[in-house]
Amino acid sequence: MIDMLALYKIVSEQFKWTPDQALVERMTAENEAKLAKLEATIKDAEENLGESEVREGKLARAEHFSRIGEKDKAITAYRETEEKTVGLGQKLDIVFANIRLGFFWNDHDLIERNIEKAKKMIEQGGDWDRRNRLKVYEGVHLMSVRRFKEAADLFLEGLATFTSEELFSYNKFIFYTVLVAMVSIDRVKLKEKVIDAPEVLGVIGELGALGDFMNSLYNSDYRKFFAALADITDQLAQDRFMASHARYFCREMRIVAYSQMLDSYSSVRLDSMARDFGVSSDFLDRELSRFIATGRLHCKIDKVGGIVETTRPDSKNAQYQAIIKQGDLLLNRVSKLARVIDL
């Protein structure tokens, strides 16, 4: 049994619970007894055994602190273990442990520092297994901070080489890969890299609504897509890494579906489009109006005629406007620099 006393105290304070003193005393006693045993093992190794045994003892202590929720003590213990570690592979394993600690505590600074550290160590000669695991670890971090395109690139690279089951199962990895790819890559690449990927085809049938969600979007079956989107959004709302992004993901996927349909027509009747999506015309009108106003959809609504007209953006004009804007910024900076030099 793992007695996460530190986490219990944090959660009790967060939710204004009255801690169970008997439970606190029992967990304290068991944790102290376990720690005393680990310390005795380390001391015996230092006095009677070799450096390898000392390292194993210190690693066991670090893992103990990690399991019981003592974050700061775990970080310190892992650092002490790394000092006793010679092999690059074993040092990388300690870095991965620190990243997992960061995932648990949602400590992005700890995660980013250790990912950068792992990258430098990999450049010194890390093996292929750990290189591939690092891609998954970094992808999970990028996904958790809503950088879905970068996460998709890393997940797709590691699709055939996934071994990071200390984070989550292979099926869960496919689940995340499909989702971040759908929200970030175009339709052609989605078909090539995801829908037709043997790794995805092998498990998609075990992932509930995900198969309908993926295939219905590609096949333009928008009614089925919206039904699956509701199911997927509910799953994301309870997900460890994606819960805070569930509403954002749902909104972005609706935009993807609307854009995909509108790109196929110069105009479409609002009521016809609403039927295709399985929603009311009033709902669709509100949805499209909001996304048009924020520049996410390039179309306009003829309310009188009940028509949605596509207004494809003029890419050349957009580039021209961007150059003018950048030129103005450059001139302003030159002017400020000139004033400084004159002084």
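Bear in mind that the values in this text are calculations on the coordinates, not laboratory data. Computed from a predicted model, the values in this text were never measured in an experiment. Cβ atoms come from the backbone with ideal geometry, glycine included; neighbour counts cover every protein chain shown.
With 31 Å as the limit, write out which pairs from LYS300/LYS325; LYS117/LYS172; LYS37/LYS172; LYS303/LYS325; LYS119/LYS149; LYS193/LYS224 have Cα-Cα distances beyond it, or answer none.
Where the Cα-Cα span goes over 31 Å, the pairs concerned are LYS37/LYS172; LYS303/LYS325.
With each pseudo-label sitting 7 Å past Cα toward Cβ, what's the SER267-ASP109 distance in nm, one decimal?
Reported label-point gap for SER267 and ASP109 is 5.8 nm.
Work out how far the C-alpha atoms of the range 66-217 reach from end to end along every principal axis, then list the three figures in whole Å, largest first.
On the principal axes, the range 66-217 reaches 52, 32, 24 Å in Cα extent.
Using only DSSP helix segments of four residues or longer, with each worth -39500 (n - 2.57), what per-residue ellipticity at 222 nm results for the chain after dividing by its residue count and rounding to 500?
-23000 deg cm²/dmol
Among 231-238, 302-309, 98-105, how do they line up from the highest to the lowest mean number of other beta-carbon atoms within 10 Å?
Highest mean packing first, the order is 98-105, 231-238, 302-309.
Can you tell me the convex hull volume per residue for the chain, based on C-alpha atoms, in Å³ to the nearest whole number?
Taking only Cα atoms, the chain has a hull volume of 250 Å³ per residue.
Starting from the eigenvalues of the Cα gyration tensor, five times each then square-rooted, give me the equivalent ellipsoid semi-axes of the range 145-286, largest first, whole Å.
Over the Cα atoms of the range 145-286, the semi-axes work out to 28, 16, 13 Å.
Dividing the Cα convex hull volume of the range 32-114 by residue count, how many Å³ per residue is that?
74 Å³
Between SER281 and ILE10, what length comes free when the chain is fully extended (0.36 nm per residue of separation minus the Cα-Cα distance, one decimal in nm)?
Taking SER281 through ILE10 to full extension adds about 92.8 nm, to one decimal.
Between the range 5-33 and the range 116-155, how many Å separate their Cα centres?
Each part's Cα centre sits 35 Å from the other's.
Can you run phi through the Karplus equation (6.51, -1.76, 1.60; θ = phi - 60°) for the range 95-103 and list ³J(HN,Hα) in whole Hz, with x for Gly and Pro?
Rounded to whole hertz, the list is 4, 4, 4, 5, 5, 4, 4, x, 4.
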